[in-house]
Amino acid sequence: MDVEHILSQMTLEEKAAFCSGGDFWHTKALERLGVPSVMMCDGPHGLRKQGAEADHLGINDSIKAVCFPTAAALAASFDRSLLHTLGEVLGEECQAEDVSMLLGPGLNIKRSPLCGRNFEYFSEDPYLAGQLAAAYVNGLQGKGIAACPKHFAANNQETLRMSGSSEVDERTLHEIYLSAFEDMVKESAPRSMMCSYNQINGVYASENRELLTEILRDQWGFDGFVVTDWGAGKDRVKGIAAGVDLEMPGRDNPEQVAKIVAAVQSGELPEEQLDQTVSRILTYIKGYMDGRRPEAQLDLETDHIRSVHASEECAVLLKNARDILPLSKEQRVAFLGDFARAPRYQGAGSSHINSHKVVGAVEAAQAAGLNVTFAQGYLAQTSEPNPDLLERAAECAKRADVAVIFAGLPDSYESEGFDRTSMAMPANQNALIEAVASVNPNTVVVLHNGSPVEMPWADQAAAILELYLGGEGVGEAAVDLLYGTANPSGKLAETFPIKLEDNPSFLNFPGEDGIVEYREGVFVGYRYYDKKKMAVRFPFGHGLSYTSFVYGDIQLDKAQLTDRESLTVTCKVKNTGTRLGKEVIQLYVRDEQSRVNRPVRELKGFEKVELAPGEEKTVSFTLGKKAFAYYEPKIHDWFVESGTFTIEIGSSSRDIRLAAQVTVEGTVTLPVHFTEFSTFGQILATPKGQTLIGHIFQKFSAGAAGQHGDIEADAAGMQTMQSMMMDMTLDAVSKFIGMTDEQISGILAELN
Ligand code: GLC
């Protein structure tokens, strides 16, 4: 395909029609010029390829495919190579099924535990989300399949998602809600991006030129094409002008084609803008055709095994009192709860996969010849306790050495399309845990949930294993993990607060009348809980292992650097236990002197390493400008302040093992404009300001403080007066000391 030639041969009508799809899942064909129609479909953690009956909510059927762990679980792996491999596996499946683009990954930030689609998103931290998304995109696109990261941007809830407006200040927007997309675009060059349904500060994403052209393309260098979320297209003339190239789902819409043609003919829409749009879509189709491998095979059985192993890598061991886990084959074990038989392993909505094979933990354990009994304990699709089921489960627990309860959230509690209203698990599941723990102290809870839950029973459970929505292999993975065939190595990619009300977005979620004010600013997730020194149920980055790790010997390759240089940080980690295990070493940065309000620590590096018993490895991190910077609206860019920064290395955000300090020199000076209402503090912060008004400051503060013969008291009085003067304006002080207007304007002219 010669894109430029095809474009030059297309009529205006053909071009206008081409920027809308051919049907629910395909682009338009252009037989006359040899342009094929290509198919795209959901993701992100499996292939949801539909036949004639198409929908965007997982209602109609789709082909048999393997359901992998959802993003919430994958993020807990903290493993770039796992995400990269998943991307490759899905890319191979897409080649086998002639699918040109997979609609994912989802990398919206988890602002509230209540968001119905949290299971489909990675983290509350943009660095982690961006790194893992980039790995997935690189894996997928390495197989010739386009990724379509979504939903760009600030789509952090389901309530009124198609019409509401996310009201976010510029610093918060860039530092938290765009940052993961920015890192991903720069590190994986996605061929596409999906714009979201919602408005951002009153402008729909699908008509938002600042977002889709000025930021995404001009600032970040994105060179793919933008597709709407399904049904998110509004006025297509405005959309094309804003940078939205393809409207989906496609439909025959002659009046819209006519509108675009008229806009070009009237000059409202420059034709080269329409040409650019068509060229981007043609380039995507060409990219697919050039990399087409029809010989690829869909190997469901092999991919199922991959899904089991992926789930094992994502599991987070939250608690393990008395090392009750791993279990031994000699023990009598009770598996309790409906999820033990039929695990909840994926979410509802557009990501819903018609799974190849789902094996419950009970079936997997018994197939492995393990001494496991079962009692249902609760009905997954109901919420009220059933006394008879409880009674039988308690009896079963009494006869066991260890009671393992499989619990979490049912489909009806969280999904695309609506948000949760509480963090509570169903009453019948909490009742089961209480009842079992009261008869057997060796109670283990295994969780299947797409987002944080309240755990009123956390102290009664001896162990808690978080599997999230771990894909179709989660039942087999659970048995491997419980019996130690696999050693848990996941870490929480989101904080589990003790109660919903502790969450920083609580007072402003889901907003009112469709207006959602992100009033917590950058203090999302652990950034908030750490700043407030709040207790949480389990912190960001937390996850235990069946072995133990010791950290040591942190080294920085520089004691100081500018914001144009990079810093290399190394440390050693040793497996001091008796089992092979993996550890996620996390690196956090803190700005010790900041003119703006910054978090106590921010994740800026992580590495997952496997260590045999007694083995020690050196882990290395490279920190660039963004590791130290915050987003400064005054310059519409990331900005590093000069000063001391602390580098922390830990096994979780609240289990810091090593720390070191470094001095960073910022090479960018912020533009300052002084007026008569500037304060002495602001003016004296500059060398020129000290020259121009330092003497006034000294004279006035000395005069006002006065001399009373007592040197210490006078010095203290002077100090107090000078502190008070810092926030006094030049205008006010000039009135006290009789400065003239021209004296003031002279000083201001000099300063500016
Ligand atoms: C849905 C979702 C989006 C999905 C698309 C196609 O509404 O928001 O994630 O890829 O439509 O199903």
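The values are calculated or read from the model by the stated rules, or taken from the named source; none is laboratory data. Being a predicted model, the structure only gives us computed values, none of them experimental. With ideal geometry, Cβ positions are generated from the backbone for all residues, glycine too; neighbour counts draw on all protein chains shown. In case anyone asks, the SASA skips ligands and DNA or RNA and just uses the protein heavy atoms, side chains included. Shrake-Rupley method; radii C 1.70, N 1.55, O 1.52, S 1.80 Å.
Of the residues making up segment 24-44, those that are within 9 Å of the ligand (Cβ to nearest atom), in a loop (DSSP other than H, G, I, E, B) and of a type outside the set (A, V, I, L, M, F, W, C) number 2.
Applying the condition of being farther than 17 Å from HIS356 by Cβ and either near the ligand (Cβ under 8 Å from one of its atoms) or touching a residue at least 40 places away in the same chain (Cβ under 8 Å) (or both) to segment 45-63 and asking which residue is farthest from the chain's Cα centre (by Cα) yields ALA54.
Please go through segment 641-661 and pick out each residue that is within 30 Å of VAL573 (Cα to Cα) and either free of Cβ contacts under 8 Å to residues at least 24 places away in the same chain or in contact with a Lys or Arg (Cβ under 7 Å, 6 or more places away or on another chain) (or both). Outline the logic, then answer.
So the first thing to find is which residues in segment 641-661 are within 30 Å of VAL573 (Cα to Cα), and the list is 643-661.
Correct list: PHE645, THR646, GLU648, ILE649, GLY650, SER651, SER652, SER653.
Here's the yes/no breakdown for (1) exposed (fewer than 14 other Cβ atoms within 10 Å of the Cβ); (2) under 16 Å from LEU603 (Cα atoms):
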{"residue": "THR622", "(1), (2)": "yes, yes"}
{"residue": "TYR630", "(1), (2)": "no, yes"}
{"residue": "ILE635", "(1), (2)": "yes, no"}
{"residue": "GLY666", "(1), (2)": "no, no"}
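Taken together, ASP480, ASP459, ASP388 contain a single residue that is open to solvent by 10 Å² or more (accessible area, probe 1.4 Å), at pLDDT 95 or above, part of a helix (DSSP H, G or I) and under 17 Å from ASN320 (Cα atoms), which is ASP480.
For VAL596, state whether it is among the hydrophobic types (A, V, I, L, M, F, W, C) and surrounded by 22 or more Cβ atoms within 10 Å (Cβ to Cβ).
Considered against the rule, which asks whether it is among the hydrophobic types (A, V, I, L, M, F, W, C) and surrounded by 22 or more Cβ atoms within 10 Å (Cβ to Cβ), VAL596 comes out as no.
On inspection, PHE538 passes the criterion of being modelled with pLDDT of 95 or more and either closer than 20 Å to ARG601 by Cα or buried (at least 22 other Cβ atoms within 10 Å of the Cβ) (or both). The residue that is farthest from the ligand (Cβ to nearest atom), among those in segment 208-232 that are within 15 Å of SER166 (Cβ to Cβ) and of a type in the set (D, E, K, R), is GLU210. Put simply, of ASP235, ASP275 the only residue that is farther than 22 Å from MET39 by Cβ, more than 16 Å from the ligand (Cβ to nearest atom), open to solvent by 10 Å² or more (accessible area, probe 1.4 Å) and at pLDDT below 95 is ASP235.
Residues checked against (1) crowded, with 21+ Cβ neighbours inside 10 Å; (2) outside the structural domain of MET40 (by TED's automatic domain parsing); (3) touching a Pro at 6+ places or on another chain (Cβ under 7 Å):
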site	(1), (2), (3)
ALA258	no, no, no
GLN265	no, no, no
LEU300	no, yes, no
ALA315	yes, yes, yes
PRO326	no, yes, no
LYS329	no, yes, no
LEU336	yes, yes, no
TYR345	yes, yes, no
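Of GLN157, GLN131, all but one fail to be open to solvent by 10 Å² or more (accessible area, probe 1.4 Å), touching a Lys or Arg at 6+ places or on another chain (Cβ under 9 Å) and within 14 Å of the ligand (Cβ to nearest atom); the exception is GLN157. Cβ-Cβ contacts under 8 Å between residues 6 or more apart (or on different chains), taken from a first residue in segment 210-225 that is among the small types (Gly, Ala, Ser) to a second residue that is open to solvent by 10 Å² or more (accessible area, probe 1.4 Å) and not in a helix (DSSP H, G or I), are listed as GLY224/ALA189; GLY224/ARG191.
If you go through segment 668-680 one residue at a time, how many are among the aromatic types (Phe, Trp, Tyr) and either closer than 30 Å to ASN575 by Cβ or open to solvent by 30 Å² or more (accessible area, probe 1.4 Å) (or both)? Reasoning before the result, please.
To start, the set of residues in segment 668-680 that are among the aromatic types (Phe, Trp, Tyr) comprises 674, 677, 680.
Remaining after also requiring either closer than 30 Å to ASN575 by Cβ or open to solvent by 30 Å² or more (accessible area, probe 1.4 Å) (or both): 677.
So the count comes out to 1.
Among the numbered conditions (1) touching a helix residue (DSSP H, G or I) at 6+ places or on another chain (Cβ under 8 Å); (2) farther than 30 Å from PRO113 by Cα; (3) open to solvent by less than 20 Å² (accessible area, probe 1.4 Å), the only one that ARG564 does not meet is (3). Looking only at residues in segment 111-126 that are more than 16 Å from the ligand (Cβ to nearest atom) and part of a loop (DSSP other than H, G, I, E, B), the one that is nearest to GLY490 (Cα to Cα) is SER123.
Criterion first (open to solvent by 10 Å² or more (accessible area, probe 1.4 Å), more than 16 Å from the ligand (Cβ to nearest atom) and either more than 24 Å from LEU298 (Cβ to Cβ) or not aromatic (Phe, Trp, Tyr) (or both)) does GLN95 satisfy it? Taking the combined requirement at face value, the residue does not satisfy it. Evaluate the following for GLU53: is it assigned to a loop (DSSP other than H, G, I, E, B) and either acidic (Asp, Glu) or outside the structural domain of TYR197 (by TED's automatic domain parsing) (or both)? Judged against the criteria, GLU53 is a match.
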